[in-house]
Amino acid sequence: MFGFWKTWKALEARGIMGINRRNADYVLKYNKRSLYPIVDDKIITKERAIAAGIHVPQMYGVISTEKEIDKLDEIIGGRNDFVIKPAQGAGGDGILVIADRFEGRYRTVSGKIISHEEIEHQISSILTGLYSLGGHRDRALIEYRVVPDQIFKSISYEGVPDIRIIVLMGYPVMAMLRLPTRQSGGKANLHQGAIGVGVDLATGLTLRGTWLNNIITKHPDTTNAVDGVQLPNWDGFMKLAAGCFELCGLGYIGVDMVLDQEKGPLILELNARPGLNIQIANDCGLTLRTHAVEARLEELKAAGVTETPEERVKFVQEMFGHVTAVEG
Ligand SMILES: Nc1ncnc2c1ncn2[C@@H]1O[C@H](COP(=O)(O)OP(=O)(O)O)[C@@H](O)[C@H]1O
Ligand SMILES: [Mg+2]
């Protein structure tokens, strides 16, 4: 813990954003309350994305009531792999990633064998609101299981790594690659024990990593280096993230994307209160960058112009890109 505080203190001098500033100056200021459902409910996010022509993992079905749990078999069809998640969940809780069938049962991505009844029970828990924000009744969403691109084989353990980009008024300000570990059970959420690795906005090259608040350079399970990895299709991810502003209208969001082996970049979800650990992985404070974007917005406003997603990406890449990993 001491090491963590030392890191945090050192970052403070470099424009670190704390939780109070994030809430007051960004979440409250840029995110209109009435728009929250678009990002807080993954089913609504999906519908919006599809309408905007943005690719997402295909939805196989939705279960909204206890009675509808009977439809599970029909929704799964003959498929061997699929994902069940709470529509209003967060932090990776309540998500079941099924990778295969086994002797009349199912095998999760981390190798656990579970029965059909256990899945039904899980869905029932989702419906009662066990995993939803505020404990409200929820819906269960059954969707396509993403198969990660081969590039992640050496630096990831099971599950699907995701790419998180923080976007302010359509300007990507900071990026992080999140890698599942043995501990995180195939999920890429930091609180589950996944690793966060900073990413250079201009090049898509990975920087150093952070795991359970420690700075690391190797993956704990595969022992391969997590820095210096070139993420494929980087400008594509940047444009996708920038375009999410037009998609949801929220000004301060975390965009979570994955790279599917066959389907390419997909949007997994949007977050209206994105976490702050991304600053440790990037060894850089968010406010340094958000202030630069806010200054840009002022400038454009005075000139009476706005920028396209492509122009916004170009701006942030020139402004914040080409950083190199620090020793540590
Ligand atoms: N369709 C999917 N296929 C494979 N893995 C998934 C899928 N959806 C989610 N996951 C895994 O679970 C993690 C959390 O999922 P996400 O949809 O972002 O929900 P949460 O709001 O709980 O973070 C993802 O980062 C990914 O590792
Ligand atoms: Mg997520």
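Quick note: the coordinates plus some simple rules give every number you see, no bench work behind them. Everything numeric here is computed off the predicted structure, so don't read it as measured data. Positions of Cβ are backbone-derived with ideal geometry, glycine not excepted, and every protein chain shown enters the neighbour counts.
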5 Å-binned pair-distance histogram of the range 57-187 (Cα, whole percent) = 2, 10, 18, 20, 20, 15, 9, 4, 2, 0
Where does the chain land at 222 nm, in deg cm²/dmol rounded to the nearest 500, when only DSSP H runs of n ≥ 4 count, each adding -39500 (n - 2.57), divided by all residues?
-> -8500 deg cm²/dmol
How large is ³J(HN,Hα) for each residue in the range 242-258, as worked out from phi by the Karplus curve 6.51 cos²θ - 1.76 cosθ + 1.60 (θ = phi - 60°), to whole Hz, x for Gly and Pro?
-> 4, x, 5, 5, 5, 5, 10, x, 7, x, 10, 9, x, 9, 9, 10, 10
For Lys263, Lys67, Lys46, ascending order of other Cβ atoms within 10 Å (fewest first) is Lys67, Lys263, Lys46
Using the Karplus equation 6.51 cos²θ - 1.76 cosθ + 1.60 (θ = phi - 60°), what ³J(HN,Hα) coupling, rounded to whole Hz, does each residue of the range 136-151 give in order, writing x for Gly and Pro?
-> 6, 3, 9, 10, 9, 10, 10, 9, 4, 8, 6, 10, x, 4, 4, 3
Cross-link partners of Lys29 among lysines (Cα-Cα below 19 Å; sequence separation of 8 or more within a chain) | Lys301
Any residue on another chain or 5+ positions along whose placed amide H is under 5 Å from the amide H of Leu268 is listed here as Asp256, Met257, Val258
Taking Lys and Arg as +1 and Asp and Glu as -1, residues besides Ile113 with C-beta under 9 Å from its C-beta add up to +2
Taking Val258, Val229, Val197 and counting other beta carbon atoms within 10 angstrom, the fewest-first order is Val229, Val258, Val197
Sorted by packing (mean other beta-carbon atoms within 10 Å per residue), highest first, where do 25-36, 296-307, 211-222, 154-165 land?
-> 154-165, 211-222, 25-36, 296-307
Phi angles of the range 211-223, converted by Karplus (6.51 cos²θ - 1.76 cosθ + 1.60, θ = phi - 60°) into ³J(HN,Hα) in whole Hz with x for Gly and Pro, give 9, 6, 6, 9, 8, 9, 10, 10, 6, x, 8, 9, 6
What pairs in Lys85/Lys263; Lys187/Lys218; Lys67/Lys263; Lys239/Lys263; Lys42/Lys239 have C-alpha atoms more than 24 Å from each other?
-> Lys67/Lys263
Could you check the simple spin-label distance between Arg182 and Glu47, using points 7 Å along Cα→Cβ, in nm with one decimal?
-> 4.3
The answer for Gly61, listing residues at least 5 apart or on another chain whose modeled amide H is closer than 5 Å to its amide H, is Ile142
What net charge do the residues around Arg273 carry, taking every other residue with its C-beta under 11 Å from that of Arg273, with Lys and Arg at +1 and Asp and Glu at -1?
-> 0
Tell me, what is the percent relative contact order of the range 60-114, built from C-alpha pairs under 8 Å that lie six or more residues apart?
-> 21
Note down the net charge around Ser154, summing +1 for each Lys or Arg and -1 for each Asp or Glu among other residues with Cβ under 14 Å from its Cβ.
-> -2
Once amide H atoms are placed 1.01 Å from N in the peptide plane, what residues at a sequence separation of 5 or more from Leu207, or on another chain, have their amide H within under 5 Å of its amide H?
-> Gly198, Val199, Asp200, Gly228
Using only the Cα atoms, work out Rg/Rh for the chain, with Rh taken as the Kirkwood radius, to two decimals.
-> 0.97
Quote the relative contact order of the chain in percent (integer), defining contacts as alpha-carbon pairs under 8 Å separated by 6+ residues.
-> 21
